[in-house]
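J.: Pasting a structure below so you can have a look.
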Amino acid sequence: MKGVLLVNLGSPDSPEKKDVKKYLSQFLMDERVIDEPLWLRTLLVKGIILNTRPKKSAKAYKKIWWDEGSPLIVLSYRLLKKVDEMTSIPISLAMRYGKPSIDFGIKELVEKGVDEILLIPLYPQHAMASTETILVLAEKIRQENYPNVQFTNMPAFYNHPDYIRVLAQSIEKYLVGKEWDHLLFSYHGIPERHVRKSDITKSHCKIDGKCCSVSSPAHEFCYRHQCYETTKRVVEFLNLPEGSYSSSFQSRLAGQPWLKPYTDKTVENFAKSGTKKMAIVTPAFVSDCLETLEEIAMEAKEEFCENGGDEFHVVPCLNDDIEWAKVLSRWIDEWAFSKVDQ
């Protein structure tokens, strides 16, 4: 029997410091997030970061927390409910960090009689610290606890026509009646070395401004290429004129080169150079979360306005948009009922 496991990032159980610290420890000790040797990762995370960051992060979470709970968790369950209503295939939800765990999600499906699971990481673009860590942990849990279960992994859908269509239409719909001079596509940042480590050719990804536009097998796992490709295809769908859009990368840690240009600096520079009305979309996320609701909708907006900007429109993530739910349900049915699988 076939079933589906949707997997998102995760969230602290509450915006209180102790829960945020627990969540950050699980997140940052992941070897695919901070890919340093265990001794150095432990020193950085437990010796430095967890002694300073939880208080600041808890304050940020409190700004965006809903009465129902974490926005990311609430929105993920809303999406699950809509998709579940559109397909006859059993579906469960899991988070890479926090609750519900991947083990919980698999167990829930197995108890319904499922022995073949389609894993859908809810990340459009592939990255070590998102898609890869989900698939690796899920496989480890499968081998240890559910050896008779078979996995099929949904590939990155950054360029899938269905995804591009619903993303572009969501942008278009939100910006109706709003004036904007520039549309910024802000993607979550990753260290440059993650791009190079994911390069299956071991030579293509030079991050030199050219490699992402030159065809290569490396693009199957290249986060940077996939981000720019998402922008390119949405721009083509919306027929946006050259110069009216750009891409950038948000959220970075100090001490190492991360993908550029940085979103905060980009927003500041546009405001200082005379852009008065800006729109921003965050296509690395399908669910609004701390990085979109606080870092972009609050901090970036404040930065823009403080440096001369007037209007700052933040396009919501796809969240539980009905068209997005339809796309997911169609992908699920195509997998579950295709002649190839029968």
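Just so it is clear, none of the values below were taken in a lab; they were calculated from the coordinates. Keep in mind it's a predicted model, so treat the numbers as computed, not measured. Because the Cβ atoms are built from the backbone with ideal geometry, glycine has one as well, and the counts that use them run over all protein chains shown.
J.: What fraction of the DSSP beta bridges in the chain is antiparallel, stated in percent and rounded to the nearest 5?
T.: 5 percent
J.: Here is a further query. Do any of K21/K56; K18/K140; K59/K301 go past 20 Å between their Cα atoms, and which?
T.: K18/K140
J.: Can you tell me which of L44, L24, L318 moves the most in a GNM of the chain? Springs connect C-alpha atoms under 10 Å apart.
T.: Ranking L44, L24, L318 by mean-square fluctuation puts L44 first.
J.: Listing K62, K232, K210 from the residue with the fewest other Cβ atoms within 10 Å to the one with the most, what is the order?
T.: Least crowded to most crowded, the residues run K210, K62, K232.
J.: Would you please give the FRET efficiency between K46 and K178, computed as 1/(1 + (r/R0)^6) with r the Cβ-Cβ distance and R0 = 51 Å, to the nearest 0.05?
T.: Computed FRET efficiency for K46 and K178: 0.70.
J.: Where both residues lie in region 1-137, what percent of DSSP beta bridges are antiparallel, nearest 5?
T.: Given both bridge residues lie in region 1-137, the antiparallel proportion sits at roughly 10 percent.
J.: Most mobile of L175, L167, L122 per a Gaussian network model of the chain (Cα springs, under 10 Å)?
T.: Taking springs between Cα atoms under 10 Å, the residue moving most is L175.
J.: Got the relative contact order for region 161-314 handy, in percent, Cα pairs under 8 Å and 6 or more residues apart?
T.: Relative contact order of region 161-314: 33 percent.
J.: Match the structure shown to one of the listed values [x] 19.9, 60; [y] 28.2, 101; [z] 21.3, 67 of Rg and Dmax of the Cα atoms in Å, computed from it, and give that label.
T.: [x]
J.: Now, a different point. Can you compute the helix-only [θ] at 222 nm over the chain? Use -39500 (n - 2.57) per DSSP H run of at least 4 residues, normalise by all residues, nearest 500 deg cm²/dmol.
T.: About -13000 deg cm²/dmol.
J.: Same structure, new question: Report, for region 161-314, the % of DSSP beta bridges that are antiparallel, rounded to 5.
T.: 5 percent
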